[in-house]
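Contents: one structure, followed by commentary.
The values are calculated or read from the model by the stated rules, or taken from the named source; none is laboratory data. Only a predicted model underlies this, so the values are computations on that prediction, with no experimental measurement involved. Note that each Cβ is placed from the backbone with ideal geometry, even for glycine, and that neighbours are counted across all protein chains shown.
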Amino acid sequence: MVALMFRGTAVEAIIAAAVTLLISNVDLLAGILFVFAILEFSSRGVNTGLAQILSFRS
């Protein structure tokens, strides 16, 4: 189990590094960061506004 978590973390870090190095547009990187931040917080229920909207629709 720990080995799978380590592999997943390593793969995600490589993907994040590749995206950061390949995209040179700072505005695009900021947009991607903003979208991922909203998705992460809404999936954990921290972003209550977005969580309420998503739960209301289903």
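Enumerate the pairs (first residue in the range 5-19 and closer than 20 Å to residue 32 by Cα and of a type outside the set (Gly, Ala, Ser); second residue anywhere and part of a helix (DSSP H, G or I) and at pLDDT 85 or above) with beta-carbon separation below 9 Å, excluding pairs fewer than 6 apart on the same chain, so at least 6 apart or on different chains.
These pairs meet every condition: 19/29; 19/32.
Residues that are within 12 Å of the chain's Cα centre (by Cα) and at pLDDT below 75: list the helices (runs of 4 or more DSSP H) wholly contained in the chain that include at least 2 such residues.
Details: elements: 2-22, 26-44, 48-57.
Filter on the chain gives 26-44.
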